[in-house]
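Working notes for the structure below.
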Amino acid sequence: MTRPDKPPLAVVSDGRGRVFEIPRMEAAAMLLDRPARPAASEWIPLPEGSCMFELPGRRPMGYDPVRRRFEFIPDFRGKPVLAAAAFIAPGYLRLYLPGRLKEPHAPRLPLFAYAPVGWKDGRFWTTGLRVDQDVRHDPAQFDPDSLRLASDRALRRFPDNRLVRHLVRNCVRQYACPNAQNFVLGRWECPVPVSPACNSACAGCISEQKGADVRSSQDRLGFTPTVREILEYAVPHLENADRPMISFGQGCEGEPLLKSGLIEKAVRSARRETDRGTIHVNTNGSDPKAVERLLQAGLDSIRVSLFSARPEFYDAYHRPNNYAFGDVTESLGRARAAGAWISLNCLVLPGFTDGPEETEALIALIQKYRVDMIQTRNLNMDPDWMLEILGGHGKTLKTAGLRKWMAAIRKAAPWIRFGYFNPPKEDWGREGDPLV
Ligand code: SF4
């Protein structure tokens, strides 16, 4: 991976969608709300599949290497400027937040994971680390013509299937969901959303935002499918796809465990027809008994989402309804007892996740339940909003930085895999990808 010999220049926006670099000002970053100067080796060329944003109501921040200090940049050549940020492509972990100063009354930012952006050698740079070499969400894997033909074919093949209609018309054609696209292309991980409701109210939920003056990225599924509708497309996928996986618990639904009876029937029936492929659930882990029933029915792997491994911060972000953090850890215990592949979907916030107390709590969880994999997901949320939710708690004066955070976890749990995607059982035995 290309590394710059020195940090890139600060990039700002003119507020009309045009961005430019500020001469003699280094791009700066933040860990929560603490200014930070990433090492040159932490900058990478902005990966394909990334995009850029201007941050309304946020002043940009840079680092002046001559005066050796961080500076907010209110204007350039007399014209007001805004902070700019990158949204890094899937498969990458962002290492910092953008350098910014939120003005009073600034609007809440939409649900994306904002990262610093800089300019150097004729290209944009950001701070990141590729944590998964799997190409399943790489833009280069998706040819628009093949996708259109494959989607039409799926609708013709399953004419009376509401779930396939939802996956094609909403997920493939509107949300450009890579999992749904891989389903119609007959490969890898195939989504099986089943639940219109949820028993959490995560602050950064991408399928439902109640009165939070940000829009959810996609609409939640509006119906509960039948076992027939699930099996009709999921079993052929397991039987025929390359490295097949079917996954309950998608971004376009609520909590799948609320439909555990339906999933249990579907998994039992699917396993009666084929033992090929991996059957997986992405969940909040709120119902350990349901998790146990699904594992007995034939579920292979589970991924539990966590903003924090500390109950008070878990509650602050996930806002559980009728369950508690103890239920989540109980689910991990039952999955471990059943020999399932266990992933934690860590919603990473630079400056919080890599704090000493948070790291210690996460390591304890990994060791206690011998978690197999940490999927590092960039928290898709306005960092200033998350600071409000944390209310000043969780702030620590010093954090290790995410690369050291990963090294500390790996030292304490040498078996642990870092990644971004759910691995099919074919990949369980192999070494984790090098972190580059
Ligand atoms: S568990 Fe998932 S669906 Fe439920 S609120 Fe959280 S992010 Fe949204």
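The values are calculated or read from the model by the stated rules, or taken from the named source; none is laboratory data. Note that the coordinates shown come from a computational prediction; the quantities given were computed from them, not determined experimentally. Every residue, glycine among them, receives a Cβ derived from its backbone with ideal geometry; neighbour counts consider all protein chains shown. For accessibility, only protein heavy atoms count, side chains too; no ligands or nucleic acids. Shrake-Rupley method; radii C 1.70, N 1.55, O 1.52, S 1.80 Å.
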* **Selection within region 165-181 - buried (at least 18 other Cβ atoms within 10 Å of the Cβ) and more than 16 Å from the ligand (Cβ to nearest atom)** => Leu167, Val168, Val172, Pro178, Ala180, Gln181
* Structure fact -> Considering only helices (runs of 4 or more DSSP H) wholly within region 314-418, the ones with at least 1 residues that are closer than 27 Å to Glu255 by Cα and in contact with a strand residue (DSSP E or B) (Cβ under 9 Å, 6 or more places away or on another chain) are 325-337, 356-368, 383-390
* To do: Among what's in region 268-286 and is touching a Gly at 6+ places or on another chain (Cβ under 9 Å) and open to solvent by less than 20 Å² (accessible area, probe 1.4 Å), pick the residue that is farthest from the ligand (Cβ to nearest atom).
  => Ala270
* To do: Confirm whether Glu71 is acidic (Asp, Glu), touching a Lys or Arg at 6+ places or on another chain (Cβ under 9 Å), outside the structural domain of Gly204 (by TED's automatic domain parsing) and not in a loop (DSSP other than H, G, I, E, B).
  => no
* Taking region 218-271, which residues are touching a strand residue (DSSP E or B) at 6+ places or on another chain (Cβ under 7 Å) and polar (S, T, N, Q)? -> Ser247, Gln250
* Structure fact -> Subset of region 59-89, residues among the hydrophobic types (A, V, I, L, M, F, W, C) and in contact (Cβ under 8 Å) with a residue 40 or more places away in the chain, comes to Met61, Val66, Phe70, Ile73, Phe76, Val81, Leu82, Ala83, Ala84, Ala86, Ile88, Ala89
* Among all residue pairs at least 6 apart or on different chains, which show Cβ distances below 8 Å where the first residue, located in region 234-261, is closer than 17 Å to Ser207 by Cα and the second is basic (Lys, Arg)? -> Gly249/Arg303; Cys252/Arg220; Glu253/Arg220; Gly254/Arg220
* State all residues of region 38-47 that are at pLDDT 95 or above and surrounded by fewer than 20 Cβ atoms within 10 Å (Cβ to Cβ); if no residue qualifies, say none. => Pro45, Pro47
* **Scan of region 228-253 for residues that are over 22 Å from Asp160 (Cα atoms), within 16 Å of the ligand (Cβ to nearest atom) and either among the acidic types (Asp, Glu) or touching a Pro at 6+ places or on another chain (Cβ under 6 Å) (or both), ordered by number** => Gly249
* To do: Quick one: in region 182-227, of everything that is on the phi > 0 side of the Ramachandran plot and touching a residue at least 40 places away in the same chain (Cβ under 8 Å), which residue is nearest to the ligand (Cβ to nearest atom)?
  => Asp213
* Structure fact -> Flagged in region 231-274 as among the polar types (S, T, N, Q) and either in contact with a Phe, Trp or Tyr (Cβ under 7 Å, 6 or more places away or on another chain) or in a helix (DSSP H, G or I) (or both), in numbering order, are Asn240, Ser260, Ser269
* Asked: Looking at (1) farther than 22 Å from Pro423 by Cα; (2) touching a residue at least 60 places away in the same chain (Cβ under 8 Å); (3) away from the ligand (no atom under 16 Å from the Cβ); (4) not charged (D, E, K, R), which is the only condition Tyr317 fails?
  -> (3)
